[in-house]
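The values are calculated or read from the model by the stated rules, or taken from the named source; none is laboratory data. What you see is a predicted model; the values in this text were computed from it and never measured. All Cβ positions, even for glycine, are placed from backbone atoms using ideal geometry, and neighbour counts span all protein chains on display.
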Amino acid sequence: MFITLEGLDGSGKSTQLHLLREALAADGREIVATREPGGTELGELVRTLVLEGPDMTAWPEALLYAAARAQLVAEVVRPALARGAVVISDRYIDSSLAYQGVGRGLGVEQVLELNLAVVGGLLPDRTFLLLVAATEADARQGAHRDRIEREHLSFHQLVDDGFRQLAAAYPERIVALNGSLPPAELAAAILAEVRRAEQGLPPASGAARADA
Ligand code: TYD
């Protein structure tokens, strides 16, 4: 099972990754948690370059994220899935679709095509999208801001819009949740959806789901 968490910076992804990891570990299965960009030696170097490096135009940025992702899939994700582990990733392809495809204006189709090519078509079984208003996400951020986080609010609003479009386009994979709910409530909703996915059931609509 391959699970990804998506949302704006400050949407609470890391907290939910931690809670989901703990909940699933109680099953006694191997859990591999990772993050993007990063998760491999090459990926962490690319992370520094893309987040702390010089200004760059949109395609180089998309290509760097794709390069880190290709390495992560080959080195970590596919081997883990082959062993029967559950893989949980803090961000994956949908981040590139929302940030580079919509935010930078490269186009969702073009960025999707690039990414599917470099990861051999691997898509998550479930993606949890934590929705929070761009203004709220901004207020939740710490003092150090990377190259993407320093972008204007209007950029983050475009990205948020991109994520919502993706959730509407892929309802069988992406579960959009209200990221402003108490963390424990969100964690319970995510775990319930993971259990459904394990049984081969489609996402359910429930109280915690956002009207995205
Ligand atoms: P993240 O690790 O979530 O940031 P943090 O360490 O602050 O929690 O993500 C780093 C940034 O990279 C984030 O602003 C979103 C951006 N990003 C993209 O623009 N495209 C991508 O494909 C990915 C994976 C991340």
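Regarding region 55-67, can at least one residue be identified that is surrounded by fewer than 19 Cβ atoms within 10 Å (Cβ to Cβ), of a type in the set (Gly, Ala, Ser), part of a helix (DSSP H, G or I) and under 17 Å from the mean Cα position of the chain (by Cα)? Yes - at least one qualifying residue is present in region 55-67. Is one or more of the residues making up region 78-92 assigned to a helix (DSSP H, G or I), crowded, with 20+ Cβ neighbours inside 10 Å and of a type in the set (A, V, I, L, M)? Among the residues of region 78-92, not one is assigned to a helix (DSSP H, G or I), crowded, with 20+ Cβ neighbours inside 10 Å and of a type in the set (A, V, I, L, M), which makes the answer no. Scan region 60-111 for residues that are of a type in the set (A, V, I, L, M, F, W, C), out of contact with any strand residue (DSSP E or B) (no Cβ under 7 Å at 6 or more places or on another chain) and more than 13 Å from the ligand (Cβ to nearest atom) and the total you get is 2. From the list LEU114, LEU131, LEU166, the lone residue that is over 11 Å from ASP9 (Cβ atoms), touching a residue at least 40 places away in the same chain (Cβ under 8 Å) and more than 13 Å from the ligand (Cβ to nearest atom) is LEU131. Would you be able to say whether some residue in region 33-44 is more than 18 Å from the chain's Cα centre (by Cα) and either more than 14 Å from the ligand (Cβ to nearest atom) or farther than 20 Å from LEU106 by Cβ (or both)? There is at least one residue in region 33-44 that is more than 18 Å from the chain's Cα centre (by Cα) and either more than 14 Å from the ligand (Cβ to nearest atom) or farther than 20 Å from LEU106 by Cβ (or both).
Taking every residue in region 30-57 that is hydroxyl-bearing (Ser, Thr, Tyr) and pairing it with any residue that is more than 11 Å from the ligand (Cβ to nearest atom), at least 6 positions away or on another chain, the pairs with Cβ-Cβ distances below 6 Å are THR34/VAL76; THR40/GLN71; THR40/GLU75. Being on the phi < 0 side of the Ramachandran plot and touching an Asp or Glu at 6+ places or on another chain (Cβ under 8 Å): is that true of TYR99 here? It is false that TYR99 is on the phi < 0 side of the Ramachandran plot and touching an Asp or Glu at 6+ places or on another chain (Cβ under 8 Å).
Identify the residue in region 141-162 that is more than 11 Å from the ligand (Cβ to nearest atom) and touching a residue at least 12 places away in the same chain (Cβ under 8 Å) and, among all such residues, is farthest from the chain's Cα centre (by Cα). Only one residue fits best here, namely LEU153. Across region 1-33, the number of residues qualifying as assigned to a helix (DSSP H, G or I) and in contact with an Asp or Glu (Cβ under 8 Å, 6 or more places away or on another chain) comes to 3. Every test in (1) at pLDDT below 95; (2) surrounded by fewer than 21 Cβ atoms within 10 Å (Cβ to Cβ); (3) in a helix (DSSP H, G or I) is passed by GLU109 save one, and that test is (1).
Only one of the numbered conditions (1) of a type in the set (A, V, I, L, M); (2) crowded, with 17+ Cβ neighbours inside 10 Å; (3) assigned to a helix (DSSP H, G or I) is violated by LEU45, and that is (2).
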